[in-house]
Amino acid sequence: MGKTESYLKQIRSELGALARLVEAFPDGEAVKVVRMAETIAAALVEGRTVFTCGNGGSAADAQHIAGELVGRFRHKERGYSASALTTNSSVVTSLANDFSFEEIFSRQLESMARRGDVLLALSTSGGSPNVIRAVETARKLGVHAFAFSGKGGGRLAEGAELAVVVPHDDFARIQEVHITLGHILCGLVEEIILPSAPKP
């Protein structure tokens, strides 16, 4: 077997693993996505803001989801109020330097979030200290604290109001499902807010 065929086999194997994970995604976890969408839609209609956070690849996913809400996912009406807590490098680095990396998200929430806002926190392991701290702070502030996690959920799932846990241990598969769920979540939010809009 040549290198190309070996790599193709690897690609097929990994795509197959993802397909099996998506196909077997538990209904109970999917229902949580619906509940999150309902809460987010209600908050946005009331003029609230959705905040997102995560580290590394999860930071990219957090920014992606916030971007879909601001730029609108499928129905190009006025954008929704959403902000990724990962994007202002001056704020993030000053908080990490002056306080600690664990507080880079929580202190932003303290300065910007209002009761009734929503936080969506992402962590493939469910054990990221700064993400966990953000959830704890959100709940103290009266902010809805939702999470996307994996590997059993960890402390993040325990502390969140609602946590969708991808039942897998590979960070890559977990992140791939997270961003798919993020797209689904944004689509559901739009359908709830604009029920008469044509569906794709």
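Any read-out appearing in this document is the output of simple, stated calculations on the displayed coordinates, not a laboratory observation. Here the structure is a predicted model, which is why all the values come from computation and not from measurement. We place every Cβ from the backbone using ideal geometry, glycine too, and count neighbours over all the protein chains shown.
Legend: calculated FRET efficiency, Ala30 to Val91, from the Cβ-Cβ distance at R0 = 35 Å, rounded to 0.05, equals 0.50.
Descending by average beta-carbon neighbour count within 10 Å, the peptides 45-52, 108-115, 122-129 line up as 122-129, 45-52, 108-115, the highest first.
Here the scattering of segment 98-200 is modelled by Debye summation over its C-alpha atoms, one equal scatterer each and no solvent; at q = 0.13, 0.15 Å⁻¹ the log10 of I(q)/I(0) is -0.51, -0.66. Computed from backbone phi, the HN-Hα couplings of segment 164-174 come to 9, 10, 7, x, 7, 10, 8, 4, 5, 5, 4 Hz, rounded to whole numbers (Karplus: 6.51 cos²θ - 1.76 cosθ + 1.60, θ = phi - 60°; Gly and Pro given as x). Suppose we look only past 22 Å in the calculated P(r) of the chain. What percent of the Cα-Cα pairs does that tail hold? For the chain, the fraction of Cα-Cα distances above 22 Å is 48 percent. Between Ser111 and His183, the FRET efficiency estimated from the beta carbon spacing at R0 = 35 angstrom works out to 0.75. Based on DSSP H segments of at least four residues, each scored -39500 (n - 2.57), the chain has a per-residue ellipticity at 222 nm of -18500 deg cm²/dmol. Relative protection proxy for 139-148, 10-19, from highest mean packing down: 139-148, 10-19 (other beta-carbon atoms within 10 angstrom).
To the nearest ten degrees, helix 89-98 and the longest principal axis of the Cα atoms of the chain are 70 degrees apart.
For the chain, the tally of Lys pairs with Cα-Cα distances below 23 Å comes to 4, considering only residues 8 or more apart or on different chains.
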